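Novice: If you scroll down you'll find the structure; I have some questions about it.
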Amino acid sequence: MEDRCVRCFCDVIVILMILVFLTIAGAPPAKAAPLISTKPEKVELRIGLPDLDAAFLPNWAADQLGYFKEEGFSDVKVLGFQGGPPTVQALASGTIDLCVTGLSSLINSIMAGQRFKAFWAGYNMAEFAWYGLPKYKSIMETKGGRYGITRFGSLTDFLTRYALRRAGLNPEKDVYMLQLGGQVQHLAAMSSGQLDVGIFSLPNTYMAAEKGFVRLMSQKELSQDFPTHVAYAKEEFIAMNPNTIKAYVRATTKAMEWIKANPDEAARLINKQLKYKIEYARRAVDDLIPGWHPDGRLPRDGMKVFWVITLESGEVKEPWPNNQWFDDAFFKTQNEWRK
């Protein structure tokens, strides 16, 4: 009787195992967990620049080389404004989604109550220089002279006031500051004798020298590198569109790497877009390459100088911690998504 019970129990176990096997075999395959989408949330992107300057080449190169399209954007517009303040206004109004301008413009806009934050850097070139009429040999000699800048509150304004203070002049009293927009207007005004000193970036510095104007000071005398430009947007836009930010960064940093590997072709892009002589464009690429950093780093020495200038101008009382103006989440995680 006991043996019969054992056999019956074993038979039941075998039958149950067969039923379980048949149930599993006949079940539909389990669905894989859905992948997190990496497509940009916003496929139409508007990028603002304070000028269509050679330093911003990675932005329109990314467009012309097809990198934005590869990242899933259907339409990208790269828009040039005359200086940082108009670019900031466009960002505040929603005309553009993000911009690349001077860190000084970002700090000023945050102080004015705008909820903006930088999300990437890597434009660390000290590319500006001040050129004056041939009668001047130094900035000190320009007392009473007329200085050209793009706009009040712009990077050119920020740097020029510091250069004047460093030379022992009071920018509020000793010179006249004129808002003249782009550097083409500066060159024309100097050529006609209506302007004494202009601040120029690459490759406009070569053109100023060719016209016989005298270099009075170089930005590199202030610092070998500088947070000349940073990419930023509204905090809300960054929070709601992280894939869009990543796609933008991937496209423009691919363009930076392409420029470094193809300087001759990059010069032809500058020549085509900005109409500079090809020899000027080629020199500009060589001079700009050391300042482009695809990894989005901030300059160590240049940041110290930036805060010295900002403190001396009276705009802030003490240097800000990075988290007050920089969302470093993308920078810190770039090994997970940038390549």
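Every read-out reported here was derived from the displayed coordinates using simple, explicitly stated rules and does not represent laboratory data. Not measured: the values here are computed from a predicted model. Backbone-built Cβ (ideal geometry, glycine too); neighbour counts: all protein chains shown.
Novice: Hey, rough spin-label estimate for LYS69 and VAL214, points 7 angstrom out along Cα→Cβ, what's it come to in nanometres?
Specialist: Calculated label separation equals 5.2 nm.
Novice: May I pose another question? Can you run the Rg to Rh ratio on the stretch 220-312? Use alpha carbon positions and the Kirkwood inverse-distance Rh.
Specialist: That ratio is 1.04, to two decimals.
Novice: Dipole of the chain (Lys/Arg Cβ +1, Asp/Glu Cβ -1, origin at the Cα centre): which of PRO85, SER104, MET177 lies farthest to the positive side?
Specialist: Value computed over the given set: MET177.
Novice: Here's another thing I want to ask about it. If you restrict to DSSP beta bridges whose two residues both lie in the chain, what percentage is antiparallel, to the nearest 5?
Specialist: Roughly 55 percent of the beta bridges in the chain run antiparallel, per DSSP.
Novice: Further, regarding this structure: Compute the distance from the alpha-carbon center of the stretch 171-235 to that of the stretch 91-139, in whole Å.
Specialist: 13 Å
Novice: Please compute the modelled spin-label separation between ALA239 and GLU172, points set 7 Å along Cα→Cβ, answer in nm with one decimal.
Specialist: That separation, rounded to one decimal, is 3.8 nm.
Novice: To the nearest 20 debye, what charge dipole does the chain have about its Cα centre, counting +1 at the Cβ of each Lys and Arg and -1 at the Cβ of each Asp and Glu?
Specialist: For this selection, approximately 600 debye.
Novice: OK, next. With +1 assigned to the C-beta of every Lys and Arg and -1 to the C-beta of every Asp and Glu, and no other charges, what is the dipole magnitude of the stretch 129-221 about the Cα centre in debye, to the nearest 20?
Specialist: Here the stretch 129-221 has a charge dipole of around 120 debye.
Novice: Mind computing the radius of gyration and Dmax over the alpha-carbon atoms of the chain? Å is fine for both.
Specialist: 28.2, 123
Novice: Suppose R0 equals 41 Å. What FRET efficiency, 1/(1 + (r/R0)^6) with r the Cβ-Cβ distance, do ARG165 and ILE289 give to the nearest 0.05?
Specialist: Working: r = 31 Å, r/R0 = 0.75.
Computed FRET efficiency for ARG165 and ILE289 comes out at 0.85.
Novice: Given just the C-alpha atoms of the stretch 103-148, how large is their convex hull per residue in cubic angstrom?
Specialist: Value for the stretch 103-148: 116 Å³ per residue.
Novice: Take every Cα pair under 8 Å in the stretch 129-221 that's 6+ residues apart, average their separations, divide by the length, and report that relative contact order as a whole percent.
Specialist: Result for the stretch 129-221 is 50 percent.
Novice: Then there's this: In whole Hz, what ³J(HN,Hα) sequence does the stretch 150-163 give by Karplus (6.51, -1.76, 1.60; θ = phi - 60°), x for Gly and Pro?
Specialist: 6, 8, 4, x, 7, 4, 5, 5, 4, 6, 5, 5, 5, 4
Novice: Find which of PRO40, PRO290, GLY94 sits farthest along the positive direction of the dipole of the chain, computed with +1 on the beta-carbon of Lys and Arg, -1 on that of Asp and Glu, about the Cα centre.
Specialist: Checked the options; the winner is PRO290.
Novice: Something else: Pairs LYS135/LYS220; LYS260/LYS332; LYS260/LYS304; LYS173/LYS317; LYS137/LYS220; LYS42/LYS254: which are spaced more than 25 Å apart, C-alpha to C-alpha?
Specialist: The answer is LYS260/LYS304.
Novice: Once amide H atoms are built 1.01 Å from N in the peptide plane, which residues 5 or more positions from LEU98, or in another chain, come under 5 Å H to H?
Specialist: ARG46, GLY48
Novice: Can you tell me how much longer the chain between LYS137 and LYS277 gets when fully stretched, taken as 0.36 nm per residue apart minus their C-alpha distance, in nm with one decimal?
Specialist: Result: 47.6 nm gained on full extension.
Novice: Once both labels are modelled 7 Å past Cα along the beta-carbon direction, what's the ARG338-LYS317 spacing in nm?
Specialist: Calculated label separation equals 3.6 nm.
Novice: Can you list residues whose amide H is under 5 Å from GLN224's amide H, if they're 5+ apart or on another chain and H is modeled 1.01 Å from N?
Specialist: HN-HN under 5 Å from GLN224: empty list.
Novice: Ok, one more. What is the projected area of the convex hull of the Cα atoms of the stretch 129-221, averaged over all directions, in nm²?
Specialist: Reported value for the Cα convex hull: 5.0 nm².
Novice: While we're here: Per the helix-only calculation at 222 nm, which mean residue ellipticity applies to the chain, given -39500 (n - 2.57) for every DSSP H run of n ≥ 4 and division by its residues, nearest 500 deg cm²/dmol?
Specialist: So the helix-based figure for the chain works out to -13500 deg cm²/dmol.
Novice: Right, something else. Using each residue's phi in the stretch 322-332, evaluate 6.51 cos²θ - 1.76 cosθ + 1.60 at θ = phi - 60° and report the 3J(HN,Hα) Karplus result to the nearest Hz, with x for Gly and Pro.
Specialist: Rounded to whole hertz, the list is 4, 5, 7, 9, 10, 8, 8, 4, 6, 4, 6.
Novice: Got the relative contact order for the chain handy, in percent, Cα pairs under 8 Å and 6 or more residues apart?
Specialist: So the answer I get is 25 percent.
Novice: Okay, moving on. Enumerate the calculated ³J(HN,Hα) couplings along the stretch 307-321 in order (Karplus 6.51 cos²θ - 1.76 cosθ + 1.60, θ = phi - 60°), each rounded to whole Hz, writing x wherever the residue is Gly or Pro.
Specialist: 6, 4, 4, 5, 5, 5, 6, x, 6, 9, 9, 7, x, 7, x
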